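*Asks:* My structure is below; once you've seen it, I'll send some questions.
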């Protein structure tokens, strides 16, 4: 079965495309879908492709009318599509991660899907669609919902009215079982190397393929590869150069620890630990397991607010074999 042109941008997710296409063609669109898979492998793009295909097919649009609908959805101003992202709360206003970054706001906790947003969803699906045959709601990173928000969403899933909801999450274990049970699961898989390369090149990010460490860390996720690359650009060159070969003396270890904690945020320090972990991974090397244990311990300490300078000092001394 040939895939619709609306799904052409979605690479490496043949099963998801087949399931969604068949649902529309057979007029058996579910009230709710769970797009399950690692972040960055195409769930958001799939939701946009599905919205274009669903709205166009149900309205029997062709030619220029279909193109106009696609452009409208690309601009994000279709009255029957609601897109919900995790948000921060700042001065009584909800901001997405992109909006917070644009406003140069720093937050210690990650964004989340809030109860107020789920109430917005309930109001949205309660009204009749304005242009399409049904309303469509996409909830990204549904795993960030607190329990109160999840319970409120459950009521909407039980009576969605003339609407279809899409919940995107890493897997069924990431959200409440009661939510999972009301969604038809659509699996999203890590991309094969050839597909990963194709997506990155199409996105103008082919340079990432030259860094094998980042490609390996991405584990088949183009979105993760791009996020890793962007994070790498924010790490000062002198720190990256210093971590490519471990410090050999206690003084070098202490100096590098001071540089890292002065130059990098907590998020960047955690990123650097993951990057180091990959660099130091040598399956046949006898010290690998010990190095990984030290790095995991350092991540645990940073996540539990142990003093960063002390954490890095101990880690680097351990990696150099200088700790007692």
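*Asks:* Residues in segment 59-67: is at least one under 24 Å from residue 46 (Cβ atoms), in contact (Cβ under 8 Å) with a residue 24 or more places away in the chain and in contact with a helix residue (DSSP H, G or I) (Cβ under 7 Å, 6 or more places away or on another chain)?
*Replies:* Within segment 59-67 (the criterion being under 24 Å from residue 46 (Cβ atoms), in contact (Cβ under 8 Å) with a residue 24 or more places away in the chain and in contact with a helix residue (DSSP H, G or I) (Cβ under 7 Å, 6 or more places away or on another chain)), the answer is no, since none of the residues qualifies.
*Asks:* Got a sec? Which of 90, 78 is in contact with a helix residue (DSSP H, G or I) (Cβ under 6 Å, 6 or more places away or on another chain) and either loosely packed, with under 12 Cβ neighbours inside 10 Å or closer than 27 Å to residue 123 by Cβ (or both)?
*Replies:* None of the others qualify; the one that does is 78.
*Asks:* Same structure, new question: Is it true that residue 51 is touching a residue at least 60 places away in the same chain (Cβ under 8 Å) and buried (at least 17 other Cβ atoms within 10 Å of the Cβ)?
*Replies:* yes
*Asks:* Show me the strands (runs of 3 or more DSSP E) found entirely inside segment 88-186 where at least 3 residues are without any contact (Cβ under 8 Å) to a residue 60 or more places away in the chain.
*Replies:* Result: 93-96, 135-139.
*Asks:* With respect to residue 210, is the statement that it is surrounded by fewer than 17 Cβ atoms within 10 Å (Cβ to Cβ), at pLDDT 95 or above and closer than 28 Å to residue 277 by Cα true? Break it down into steps so the answer makes sense when it comes.
*Replies:* Working: surrounded by fewer than 17 Cβ atoms within 10 Å (Cβ to Cβ): yes; at pLDDT 95 or above: no; closer than 28 Å to residue 277 by Cα: yes.
When the stated conditions are applied, residue 210 does not pass them.
*Asks:* What's the total number of residues in segment 205-223 that are farther than 15 Å from residue 38 by Cβ, under 19 Å from the mean Cα position of the chain (by Cα) and not in a helix (DSSP H, G or I)?
*Replies:* Number of matching residues: 1.
*Asks:* Please state which one of 259, 268 is modelled with pLDDT under 90, part of a helix (DSSP H, G or I) and surrounded by 14 or more Cβ atoms within 10 Å (Cβ to Cβ).
*Replies:* Exactly one of 259, 268 is modelled with pLDDT under 90, part of a helix (DSSP H, G or I) and surrounded by 14 or more Cβ atoms within 10 Å (Cβ to Cβ), namely 268.
The values are calculated or read from the model by the stated rules, or taken from the named source; none is laboratory data. Predicted model only: the values in this text are computed from it and were never measured. Neighbour counts run over all protein chains shown; Cβ positions are idealised from the backbone, glycine included.
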